[in-house]
Each structure stands twice: as C-alpha cells, then as structure tokens.
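> I'd like to ask some things about the structure below.
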Amino acid sequence: MGWKDAGDAWGAKAWDWALLQEPLNANSFDVLQQLTGVGPGVRLLDLACGSGLALQHAEARDAVCHGVDASQALLDVAALRAPRAALHCGDMAHLPYGDESFDVVTVVNGVQYGSDDVLRETARVLRSGARFAMAFWSDPLDFAAYFRALSAYSPSAPSTAQELTDPGVAEGLVNGAGLDVVECGEHDVMALYRSMQEALDASLSSGPAWGAIDHSGPEPVRIAVEAAVAPFVDHGSGRIVMRAKMGHIVAVKP
C-alpha cells in the first residue's frame, strides 16, 4: 500500500480515530517525550502524527512542533489540537526538511519492519546528538483477538508491528539507519470505551480495519470485531477496558 492509499485508509474515520482510539496511544506519547527530553524550545518532528494528540502533548511542554502524516483528514484534526504545529501531508520516506533540522523525532506505530527509507530520512533530519524514539506493539494482550479478526477479513494480514519484537529486529532497523540505540523498554497502554458501540466505532476507525471492510464488507468485520471485544465488557455498566503492552526504543544520532 502506497502512502496515499494509507492516508485514505487512516483518514476514512478520522474523527472516530481522533476521539475514540488515538487516546490508546497517550501513554506512549508521554513515555517517548519524557525519554527524549521534549521541553521548551526543543524542535520536535512527530512522524505518522495522525490527529495530533502527541503534538498536543508536546505543545504543552512548549516544544516547537512539526508533524507529518499521510492523511489530510487526520491532519485537519491535528491542526485543531496543536494550533502552533507545522503540519505536512506526505510520505515519511521523503521528508520536506533540510539536514539536521530537529532535536527529536518520534513515531508511534508508524514504522514497520522494512521501513528502511523512513529511518534513513529520520537520521538525515536529526542533528548530531539528537534523539529518535519509536513505540510499537510488543504484546497485544486484550487486542490479540481483534488483530486476528481483522487478519481473517483482510487481503493480507494488517501490520501491527509485532514483527519488531523478534529478537534484534527493531534494534537492527534503527542501527542500520546510522542511529545508536541507547535504551529499549516496554510500557502499558489502555483503551477505555463507554459502550460496545463506542468500542466498535473506535476499533473500526483504524487503517487496517478500513482495509478489512473494503475487502470483505462492513457486516462480517463488525461481527468479528464485536466478538473480539465482548469478553472485556463489564456487564454491570457496559463499559469496556482493554490493555496491551508497547515496546519502545530510544536512539541517538552520532
């Protein structure tokens, strides 16, 4: 899938993603920004910035924010959340910035195995001594059945970045781009939904979900996702809590 098609997929339900599903990544945004020292005056680039929740957090730290995403629909939401950020719709493998432009580059679930061009571009735009941090699914836990449901109805398995957890893969990808890995770790994330309908709206707003729906139709995908979410419903309140673990890597440009 090219970057324009990816942008269409991720932007198909932009507001559902922004309001209901992107908060799943909130802890990842904070972990990466803390580990990279995002603060006043730091020039930050967030790759695959989506609807701008990470940029909103970084603006609260008084960073100078830039974001790149393939979806203009998501960037329209990001512009509301992070009004001081400079946003660009385009391909992460061809960044519109000069060499050594940034103090920090972050990305959450936007770099998959084989994204060598993206990592090389990342290294190019980082200044010497600057930090790069990425987060990716390490153990989907409660979301495992959800990923299996999407895979069953997709033309190919949706990318969840789980391959990055194979020993040495993520570190090799980052080192191969000329960056020195200085920390590897894991952190928790959690999704909170007020009802099954909200969980479905959230779960079906991702790019992989859009691909499954486009391939197999909305009804079978909805039924499969509802079955994946059902075990986590609190039958007293109807609320749903789903947990997972994310891996993270921090690297420095020599």
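> For the structure I just gave you, tell me whether Leu192 is of a type outside the set (Asp, Glu) and not in a strand (DSSP E or B). Please lay out each step first, then the result.
Working: of a type outside the set (Asp, Glu): yes; not in a strand (DSSP E or B): no.
It is false that Leu192 is of a type outside the set (Asp, Glu) and not in a strand (DSSP E or B).
> With the checklist (1) in a loop (DSSP other than H, G, I, E, B); (2) modelled with pLDDT under 95 in hand, flag the one item Gly211 doesn't pass.
Result: Gly211 fails condition (1) only.
> Looking only at region 94-103, decide whether some residue is surrounded by 15 or more Cβ atoms within 10 Å (Cβ to Cβ), out of contact with any helix residue (DSSP H, G or I) (no Cβ under 8 Å at 6 or more places or on another chain) and modelled with pLDDT of 95 or more.
yes
> So how many residues does region 104-140 have that are charged (D, E, K, R), surrounded by fewer than 20 Cβ atoms within 10 Å (Cβ to Cβ) and either within 22 Å of Val64 (Cα to Cα) or in contact with a Cys (Cβ under 8 Å, 6 or more places away or on another chain) (or both)?
We begin by selecting, within region 104-140, every residue charged (D, E, K, R); these are 116-117, 120-121, 124, 127, 131, 139.
Add one more test, that the residue is surrounded by fewer than 20 Cβ atoms within 10 Å (Cβ to Cβ), and what stays is 116-117, 120, 124, 127, 139.
Now restrict to residues that are either within 22 Å of Val64 (Cα to Cα) or in contact with a Cys (Cβ under 8 Å, 6 or more places away or on another chain) (or both): 124, 127.
Count: 2.
> Could you tell me whether Asp117 is over 23 Å from Asn27 (Cβ atoms), part of a loop (DSSP other than H, G, I, E, B) and of a type in the set (Asp, Glu)? Can you show your working first?
Details: over 23 Å from Asn27 (Cβ atoms): yes; part of a loop (DSSP other than H, G, I, E, B): no; of a type in the set (Asp, Glu): yes.
It is false that Asp117 is over 23 Å from Asn27 (Cβ atoms), part of a loop (DSSP other than H, G, I, E, B) and of a type in the set (Asp, Glu).
> I want to confirm something. Restricting to region 10-43 and keeping residues that are in a helix (DSSP H, G or I) and of a type in the set (S, T, N, Q), which single residue is farthest from Val77 (Cα to Cα)?
Of all residues in region 10-43, those in a helix (DSSP H, G or I) come to 10-11, 14-35.
Retained after the next criterion (residues that are of a type in the set (S, T, N, Q)): 21, 25, 27-28, 33-34.
Working: Gln21: 14, Asn25: 16, Asn27: 20, Ser28: 19, Gln33: 21, Gln34: 24 Å.
Top of the filtered list is Gln34.
> Within region 54-84, count every residue that is in contact with a helix residue (DSSP H, G or I) (Cβ under 7 Å, 6 or more places away or on another chain) and either among the basic types (Lys, Arg) or crowded, with 23+ Cβ neighbours inside 10 Å (or both).
Selection size over region 54-84: 14.
> Right, next: Condition (residue is touching a strand residue (DSSP E or B) at 6+ places or on another chain (Cβ under 8 Å) and more than 30 Å from Val252 (Cβ to Cβ)) applied to region 202-214: is it met by at least one residue? Walk me through it before giving the result.
First pass over region 202-214, keeping only residues touching a strand residue (DSSP E or B) at 6+ places or on another chain (Cβ under 8 Å): 202.
If we keep only those that are more than 30 Å from Val252 (Cβ to Cβ) as well, we get 202.
So far as region 202-214 goes, yes, one or more of its residues are touching a strand residue (DSSP E or B) at 6+ places or on another chain (Cβ under 8 Å) and more than 30 Å from Val252 (Cβ to Cβ).
The values are calculated or read from the model by the stated rules, or taken from the named source; none is laboratory data. All figures in this text were calculated on a predicted structure; none of them were measured in a lab. Note that each Cβ is placed from the backbone with ideal geometry, even for glycine, and that neighbours are counted across all protein chains shown.
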